[in-house]
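What follows is calculated from the coordinates using simple rules that are stated; it is not laboratory data. Computed from a predicted model, the values in this text were never measured in an experiment. Note that we place each Cβ from the backbone using ideal geometry, even for glycine, and neighbour counts take in every protein chain shown.
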Amino acid sequence: MGSPLMRFDVIIIGAGPAGSAAARLLALTGWRVALVEKMEFPRRKVCGEFISAATMPVLMSLGIAAPFIAAAGPPVMRIGAWSGNAMLAAPREQVWGRALGREHLDVMLRDVAVNAGATLLQPAEVTALRRDGEIHLCGLDDGREIAARTVIAACGSWNPKGAFAVRGDTVAASDLFAFKAHFKGASLPAGLMPLLAFPGGYGGLVESDEGRVSLSCCIRRDRLALVRSRHGGKAGEGVLAHILETTKGARLALGHAALEGSFLSTGPIQPGVRTCQKDGIYFTGNIAGEAHPVIAEGISMAIQSSGLLANLLIAHRGEAYAEEWRRRFAPRIRAASLFAHLAMSDSGRFAGLAVLRAAPGLLGLGARMSGKVPAAA
């Protein structure tokens with residue numbers, strides 16, 4: 001005989017920031033929550049690690065604001081832009097947010113979800129999903145089957161297979177590949193988070209936990225091929241050489257730093273607005289919609305969207321989720337697309353730098369447009 005059917009009020013697929021945030025909030029109000037995660041934790045992820053000040057109200061509702069601040073890097077007080085020989089920074093200081101490695105953040109969020117009563121199924125992968133009337137049935141790779149009226153897909157945006165696959169059907173020169181690495185002994189100015197705009201790509205630097213500086217970046221497929229041809233070696237090392245060669249600020253910050261571990265990579269990434277609700281399933285985090293990483297808002301939007309979804313479900317207003325999601329997040333995704341294309345094109349970088357030299361305060365405006373502070377701040 002097979003294992004007995006396990007019944008829940010909600011099945012959440014993915015225990016990253018989006019999934020665990022939703023699990024915690026729903027479990028706190030008495031929902032029977034199954035949290036399914038296919039990977040073991042802790043894990044490293046290709047991720048900018050930055051969480052904006054606008055996310056702090058959600059972290060407070062999750063009960064992790066204080067431990068997050070204690071574990072994260074120092075507050076980001078200034079936004080900057082480095083491209084070529086230009087090194088610009090916004091004149092105004094304020095707390096924009098902090099950064100924390102995913103190997104720490106994911107465990108922190110998962111554990112508070114479990115402490116609230118969520119049932120963790122890890123490692124376990126959903127291999128089948130079907131509907132029987134109002135009930136969703138999920139088959140797991142270990143042969144178990146679980147059931148719930150509500151399913152939340154929070155399994156990220158890079159799923160090459162399975163029920164929630166997100167991938168492009170074509171190969172294009174403009175496809176973006178993402179890279180991430182940590183450095184020790186970097187010389188990043190205190191409190192500064194600079195955007196890096198370099199030929200064919202963009203990235204960012206931020207001081208994360210334990211004194212590490214995190215470099216995350218994206219580069220076009222065609223430029224990556226040229227970089228690998230020019231510099232040789234592994235892709236991540238070639239991308240780093242390309243950034244250091246073309247960006248003075250990055251050379252000053254990382255030129256004498258030591259790479260911690262190895263580069264991580266993924267791609268091609270698929271920024272854009274996707275689906276929030278379909279066939280009775282709710283989507284949250286990057287699988288619902290993903291901004292170009294140029295604005296460093298990926299984790300923040302994932303956590304915020306799950307806070308929105310959980311609160312609507314608790315209030316029995318789940319049908320309002322898609323419209324409210326688009327109102328809150330679609331403008332930020334469109335702004336990120338504009339910023340990314342300006343950063344990656346030669347003409348866009350030159351024009352953008354000219355404008356920012358004349359009015360550096362626009363860096364702060366851009367940060368606000370990307371959602372880094374609460375609307376009332």
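Roughly what would the spin-label model give for residue 258 and residue 3, points 7 Å off Cα along C-beta, in nm?
4.4 nm
Return one number: the angle in degrees, 0 to 90 and rounded to the nearest 10, between the long axis of the Cα atoms of helix 17-28 and the longest principal axis of the Cα atoms of the chain.
Result, in degrees: 40.
Take every Cα-Cα pair in the chain and report what % of them are more than 37 Å apart.
Values: 13783 of 70876 pairs.
For the chain, the share of Cα pairs beyond 37 Å comes to 19 percent.
Nearest 5 percent is fine: what portion of the DSSP beta bridges confined to the chain is antiparallel?
Bridges in the chain are about 70 percent antiparallel.
Can you list the HN-Hα couplings for region 194-207, worked out from phi with the Karplus curve (6.51, -1.76, 1.60; θ = phi - 60°), rounded to whole Hz and with x for Gly and Pro?
So the Karplus estimates, Gly and Pro as x, are x, 7, 9, 10, 9, x, x, x, 8, x, x, 10, 7, 7 Hz.
Tell me which residues come under 5 Å, amide H to amide H, from residue 51 once H is placed; ignore anything under 5 positions away on its chain.
Under 5 Å from the amide H of residue 51 lie the amide H atoms of 98, 99, 100, each far enough along the sequence or on another chain.
Residue 111 to residue 43: FRET efficiency via 1/(1 + (r/R0)^6), r the Cβ-Cβ distance, R0 22 Å, to the nearest 0.05? Before the final figure, lay out the partial values.
Values: r = 14 Å, r/R0 = 0.65.
Working from the Cβ atoms, E equals 0.95.
Hey, what number do you get for the chain at 222 nm if only DSSP H runs of n ≥ 4 count, each worth -39500 (n - 2.57), divided across all residues, to the nearest 500? It would help to have the intermediate numbers written out before the result.
Details: 11 runs with 132 residues, N = 377.
Only helices count here, giving -11000 deg cm²/dmol.
Report, in listed order, any pair from 234/372; 38/278; 180/278; 234/278 with a Cα-Cα distance greater than 30 Å.
Working: 234/372 34 Å; 38/278 22 Å; 180/278 32 Å; 234/278 40 Å.
Distance filter (> 30 Å) returns 234/372; 180/278; 234/278.
What's the FRET efficiency of residue 174 with residue 245 using the Cβ-Cβ distance as r and R₀ = 30 Å, to the nearest 0.05? Working shown, then result.
Values: r = 22 Å, r/R0 = 0.73.
Here the calculated transfer efficiency is 0.85.
FRET efficiency for residue 32 and residue 131, Cβ-Cβ distance as r, R0 = 22 Å, nearest 0.05?
Values: r = 19 Å, r/R0 = 0.85.
That gives a FRET efficiency of 0.70.
Under 12 Å from the Cβ of residue 318, count the other residues' Cβ atoms, weight Lys and Arg +1, Asp and Glu -1, and hand me the total. Don't skip to the answer; put the middle values down first.
Numbers: positive: 149, 317; negative: 319, 323, 324.
Every neighbour counted, the sum reads -1.
With θ taken as phi - 60° and the coefficients 6.51, -1.76 and 1.60, list the Karplus ³J(HN,Hα) couplings across region 151-156 in order, rounded to whole Hz; mark glycine and proline as x.
10, 10, 8, 10, 9, x
What is the spin-label model distance, in nm, from residue 226 to residue 144 if the labels are put 7 Å beyond Cα along the C-beta direction?
Taking the two extended label points, one gets 5.2 nm.
At what distance in nm do the modelled label points of residue 122 and residue 184 sit from each other, each positioned 7 Å from its Cα along Cα→Cβ?
2.6 nm
Mind pulling up the Rg/Rh value for region 57-186? Radius of gyration and Kirkwood radius, both on Cα. Display every interim value, and only then the final one.
Details: Rg = 20.6 Å, Rh = 19.4 Å.
Result: Rg/Rh = 1.06.
For region 257-268, what does the Karplus curve 6.51 cos²θ - 1.76 cosθ + 1.60, with θ = phi - 60°, yield as ³J(HN,Hα) per residue in whole Hz, taken in order and with x for Gly and Pro?
Once rounded to whole Hz, the list reads 7, 9, 5, 9, x, 10, 5, 9, 8, 7, x, x.
State log₁₀ I(q)/I(0) for region 1-134 at q = 0.10, 0.19, 0.22 Å⁻¹ as given by the Debye formula over alpha-carbon point scatterers of equal weight, solvent excluded.
Reported log10 I(q)/I(0), two decimals: -0.43, -1.09, -1.32.
Which residues' amide hydrogens lie under 5 Å from the amide hydrogen of residue 7, considering only partners 5 or more residues apart or on another chain, with H built in the peptide plane?
Distant-sequence amide H within range of residue 7: 147.
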